[in-house]
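Working notes for the structure below.
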């Protein structure tokens with residue numbers, strides 16, 4: 001019997017207890033041992049909850065309990081999760097977490113600390129909710145040379161973009177609806193400004209390069225400038241709009257960013273709708289593979305935390321390897337990549353834009369009041385240079401390669 | 001340094017040598033040890049090939065070489081692969097394979113034999129080519145209760161259906177083109193009659209039930225009856241046609257089959273085009289996740305074989321667990337599942353068909369000479385019962401739930 005503790009009895013923490021209770025026999029089959037919750041840290045009490053008696057307000061009771069071998073940190077935020085995680089690892093307990101903020105900020109130190117104490121620090125649930133992408137990168141794809149990862153990493157923004165496309169609705173209206181449905185937070189900025197996706201692509205970029213990508217150095221754009229018109233024009237271009245976290249190995253280093261892209265309809269990422277997430281990985285032998293699933297939600301995220309618990313129990317006494325190190329990954333300037341660009345204009349400067357970008361074409365759209373222009377493939381730096389001298393451009397986006 | 005042997009230096013076997021050479025440092029990182037090819041069994045010689053000197057015509061030289069710890073069986077077919085695999089396992093060598101025919105027929109015995117000799121028998125590459133689906137089922141999803149798997153498991157048929165849809169072309173013409181391009185074999189029956197997909201879904205069904213599904217007991221339909229008209233009508237129904245391997249846990253047992261389905265456009269499987277494969281898995285906590293990638297091809301399939309080699313090396317001295325056993329999985333009669341059905345009629349018996357299936361609707365299609373009728377959800381046995389009394393039905397298919 002392996003005893004575990006849960007830090008934070010909110011949505012994900014509650015889900016972890018639920019998955020362990022509900023799927024007890026599957027968890028045993030996976031872990032090779034029974035797994036039971038022994039203590040739950042939360043400031044609140046939970047009268048009537050089946051785990052009521054296990055709730056403690058004092059982290060020390062968990063830290064000092066030598067029976068507890070694994071700690072699930074589902075508190076979120078950097079503090080006090082950071083301190084608690086360090087103390088747990090130093091006390092010889094493995095930690096698994098859904099906390100992307102903490103992993104993005106202090107991942108390398110915590111991975112190293114786990115190694116030093118012969119325990120594990122795993123964070124499958126921090127990226128892509130229930131999609132087992134980290135395990136796949138560390139396992140089945142480990143013998144591949146991965147040169148590109150592009151993913152829809154945030155369900156809220158994907159829900160908003162899908163609704164804008166399907167209903168032709170404005171960004172603000174869809175955001176309000178998403179908040180009413182609980183798909184978006186009252187303060188939605190972490191989602192719609194791309195910060196959430198930024199932390200996740202930084203984690204993926206770190207694993208891909210076996211180093212560390214500081215999320216604060218990742219150029220990040222959100223979706224607040226996207227209009228219903230952009231989605232109509234994108235469709236006329238044979239594409240849809242997706243907020244992507246993208247990292248690509250170039251000769252200059254890792255080109256990494258979060259930004260809205262035009263994704264061609266034939267690309268597997270284009271068909272990922274609503275709150276679902278998906279991550280496309282390109283390897284030198286496997287070519288493109290893609291992993292799709294719920295990017296959030298209590299049970300899906302909790303299932304990923306529990307999968308990490310099982311991996312830890314199965315490897316008791318050993319450190320489960322994680323390819324994140326404190327070596328800073330070399331980042332490439334974003335301007336070097338060659339791709340096509342989309343521009344929206346209300347018509348005023350159309351002729352001038354078309355002649356400024358040689359090889360660009362206007363895409364007709366009957367249902368639109370505006371025009372879409374697609375450039376020929378060009379360096380981003382050249383694109384921005386020309387763009388800065390032009391009037392009449394209402395919005396622009398990068399186009400993902402097919 | 002771990003020495004391995006390759007049985008069969010054809011497409012996949014050649015790919016295994018290529019991946020190990022080309023990605024040597026990645027393979028070392030994954031396996032935790034250098035991996036090198038020591039011997040290759042083939043009837044032919046390969047003058048000028050970089051592995052020319054390692055080619056042997058006698059299996060015994062591999063069997064008797066105590067340095068060889070892992071054997072990659074990439075011969076295909078049941079014999080002599082079956083004998084060679086048994087002898088290798090009995091000699092204390094692990095075996096990994098891309099041979100779905102052998103796994104579907106003798107998997108449980110070989111898994112058991114491996115366990116008895118404290119070695120491993122792994123077959124990731126036998127299902128979904130480069131898609132790491134088996135590892136995911138045995139690892140990250142192991143703590144889930146999986147109740148349904150549905151997959152596009154054959155690239156040839158998916159290529160044919162995609163071309164028929166995109167070009168409006170007839171089955172025979174597209175098949176001929178696929179043969180010219182090397183996407184279909186000269187004798188295409190294993191693909192187009194569904195036998196290849198049948199072996200793969202039987203393997204997935206065995207793992208899902210931790211038992212054994214005999215592929216010969218899986219009801220199997222191919223795509224030879226599908227016409228370009230069906231694809232147009234499917235589109236009018238908001239769907240596309242896909243050949244699916246499907247298994248679903250019901251109260252009566254496992255309902256498993258291979259058949260063409262109408263897949264609604266919103267379903268993630270609908271957007272899988274050309275030679276790509278994808279497998280959707282429904283778990284009780286994770287909900288739906290999907291795994292997408294190349295279902296065939298030298299390097300993608302070989303990469304999956306090499307991933308198995310790495311897993312074996314990493315777990316040297318232990319048997320990597322595989323959830324296939326010799327306990328026959330309880331199969332459910334196909335007739336019990338409730339779903340909608342699609343019918344194509346040339347118009348002659350339309351009124352009669354609509355009145356025979358209560359709640360059915362005709363779907364208008366301007367570009368079509370025929371009519372599509374969609375039934376209300378009903379038991380398959382009832383559907384077939386009513387169908388048998390009707391004239392004028394040219395083709396019918398099951399409709400996948402959204």
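Overview of results
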quantity	calculated
Exam field: residue B:216 pseudo-label spacings to other copies (7 Å along Cα-Cβ), nanometres	6.7
Mean Cβ neighbour count within 10 Å, used as a protection proxy, ranking A:49-55, B:188-194 highest first	B:188-194, A:49-55
Taking all pairs of distinct alpha-carbon atoms in region A:235-348, Kirkwood radius in angstrom	17.7 Å
Ellipsoid equivalent to region B:337-399 - semi-axes via the Cα gyration tensor, in Å	18, 13, 10
Scattering curve values for region A:171-257, log₁₀ I(q)/I(0), Debye with Cα scatterers, q = 0.11 Å⁻¹	-0.40
Neighbouring partner chain Cβ atoms per residue of B:288-300, average, 10 Å criterion	6
Inter-chain shielding of B:105-116 (mean C-beta neighbours from other protein chains, 10 Å cut-off)	0
Neighbouring partner chain Cβ atoms per residue of B:259-270, average, 10 Å criterion	1
Computed [θ] at 222 nm, deg cm²/dmol, chain A (DSSP H ≥ 4; -39,500 (n - 2.57); rounded to nearest 500)	-10500 deg cm²/dmol
At 7 Å out from Cα toward Cβ: residue A:334 inter-copy label distances (nm, ascending)	5.3
Axis proximity, chain B to A: residue whose C-beta lies nearest, plus whole-Å distance	B:271, 2
Other-copy label distances relative to residue A:33, 7 angstrom Cα-Cβ extension, nm	2.6
If the convex hull is drawn through the Cα atoms of region A:143-294, its volume per residue in Å³	111 Å³
Cα-based Kirkwood hydrodynamic radius, the protein assembly as shown, one decimal, Å	27.9 Å
Whole-number D in µm²/s for chain B (Stokes-Einstein; Kirkwood sum over Cα pairs; 37 °C, 0.692 mPa s)	148 µm²/s
Cα coordinate range in region B:48-117, projected on the principal axes (Å, largest first)	39, 24, 16
Hydrodynamic radius of region A:298-355 per Kirkwood, over alpha carbon pairs, in Å	17.6 Å
Between 0 and 90°, nearest 10: helix B:171-181 axis offset from chain B longest Cα axis	20 degrees
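We did not get these values from a lab; they are worked out from the coordinates using the rules stated. In this text, all values refer to a predicted model and were calculated from it rather than measured experimentally. FYI the Cβ positions are ideal-geometry reconstructions off the backbone, even for glycines, and counts take in every protein chain you see.
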